[in-house]
Amino acid sequence: MNRTVENVSPKKYREVVLPIPLRRRRRLPGVLVVFIMFLAHITITSHAFMLYPSHKKYFLTRNGQGSSCSRSSISSTRANLVPASLVELPAAPEQEVSSSTAINSLVVPKKNPIFISTNVLSQHFEIPDTSFIHKISPRPPDIWERMALVLTSPKQNNRKNSKRDTGKMGVDETVEFRDARDGATKLVQKCLLGRSKQPHHMDHEEVESIVEYITNVLSYFQTHIQQQEPKAALCKVRLVSTLGSKGQKCPRWHVDHVPLRLVLSLAGPGCVYIPMEKEVAHANDVDRNVLNESEEDDTARANEMILPRGEKELAVHAKEGDAILLMGRAWETENNNNNEETRCFAAPHRSPTLDSDEVRVLLVADYVSQ
């Protein structure tokens, strides 16, 4: 059949007369193509930021108080790391806050004269026999958790990650208080309520017993942090229960950037500390320069540098029920003379070594800046 161009419409001409390669293909509008490319760019960029978060800077926050723990312990505690944009930073953001900066930002109460000649006070409080410790302590892992731990454990040939964390967290509650009785009551209530929002039932006598005990401990702390003030100082108390290595918060020797801190173990070993009397008796056995300024990442290596002759003749191991008052750097320079031999320094201390199945319940009290 003869068909001329004049008798064929343009559309039919493209479909019938022209060969297939020369026919006009349907194309996406230019605006749609640009929009798809924009979405692809956004998707790729967001994935890159998620996989490589090195563009963010992180800083350690510890309830508003400073502490010179090791960088290795900082990197292992992800819960304490927050984006730099959410934290008020000092002038040099990539460095840890110096002791002078932390102390100057804290309104320091008047130093207790007792701590002019010593940096540690200790008093034993007999722990009442109640079910409180048992109820707030984390339970050992069951068979299913153990199986999951084995399946997710690192390979044996990877030496760097061969040591796995088998610890568990129980309760972690903090309460601010002016009245010791009120602070103890709120703390016990929050701990018994727990994270599950299902309160652990205790007899009224047991609750009163543990509240009275914590009240006495907090009153002991307030007596030494405050000297004849007309208004009770604002303090805070924190109670943490752990199982295994989770209880080793600061295994490195360090001092706290606070006026005074109370540390008491309700279950498990207490903190390990070096009183001033021991340090004076063993001169040059504690390297204060390394203790305050070292940036060594490895905790074991740093401890060897701080105590070059070891800790056997220096360290004191607190026991359950021992309320330890540790003087911090905020009181280190107050009412001190310049004589290095008679000057009282902040008390070095560290967390104790714990077994994988060892429960530890720790109570810590601090002064809150007004």
Too long for a 21 Å Cα-Cα cut-off, among 246/312; 110/236; 168/312; 110/319; 135/236; 111/312, are 246/312; 168/312; 110/319; 135/236; 111/312
Per 10 angstrom bin, beginning at 0 and ending with the bin that holds the maximum distance, the Cα pairs of the range 236-277 fall in percents of 18, 58, 23, 1
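What is the ratio of the Cα radius of gyration of the range 237-352 to 2.2 N^0.38 Å, where N is its residue count, to two decimals?
On the way: Rg = 14.3 Å, N = 116, 2.2 N^0.38 = 13.4 Å.
After normalising by residue count via 2.2 N^0.38 Å, the value is 1.07.
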If R0 is 56 Å, what FRET efficiency do you get for residue 227 and residue 169 from their C-beta distance, rounded to 0.05? 0.95
Give me the distance in nm between label points sitting 7 Å out from Cα along the Cα-to-Cβ direction at residue 126 and residue 209, one decimal. 1.2
For the pair residue 33/residue 118, report the inter-label distance in nm, with labels modelled 7 Å from Cα in the Cβ direction. 8.4
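Using a 1.4 angstrom probe on the protein heavy atoms only, could you order 242, 333 from most to least accessible area? Spell out each step's value before the answer.
Working: 242 5, 333 90 Å².
Descending order: 333, 242.
For the peptides 323-330, 357-364, what is the packing order when you average, over each peptide's residues, the other Cβ atoms within 10 Å and list the highest mean first?
On the way: 323-330: 24.4, 357-364: 20.4.
With the highest mean Cβ count within 10 Å placed first, the list reads 323-330, 357-364.
So what is the accessible area of the range 220-370 per residue, in Å², with the probe set to 1.4 Å? Write out the running numbers ahead of the final one.
Details: 6450 Å² over 151 residues.
I get 43 Å² per residue for the range 220-370.
So which GluC sites (Glu not before Pro) in the range 283-335 pass both tests, a DSSP loop state and at most 12 other Cβ atoms within 10 Å of the Cβ?
Numbers: sites: 293, 295, 296, 304, 311, 313, 320, 332, 334; in loops: 295, 296, 311, 313, 320, 332, 334.
Sites meeting the loop and neighbour criteria: 295, 313.
Just in the range 218-279: which trypsin sites (Lys or Arg not before Pro) are loop by DSSP and have at most 11 other Cβ atoms within 10 Å?
Values: sites: 231, 236, 238, 246, 249, 252, 261, 278; in loops: 231, 249, 252.
Within the range 218-279, the qualifying trypsin sites (Lys or Arg not before Pro) (loop, at most 11 other Cβ atoms within 10 Å) are 231.
The values are calculated or read from the model by the stated rules, or taken from the named source; none is laboratory data. Only a predicted model underlies this, so the values are computations on that prediction, with no experimental measurement involved. All Cβ positions, even for glycine, are placed from backbone atoms using ideal geometry, and neighbour counts span all protein chains on display. Accessible surface is based on the protein model in full, side chains and every heavy atom, while ligands, DNA and RNA are left aside. Shrake-Rupley method; radii C 1.70, N 1.55, O 1.52, S 1.80 Å.
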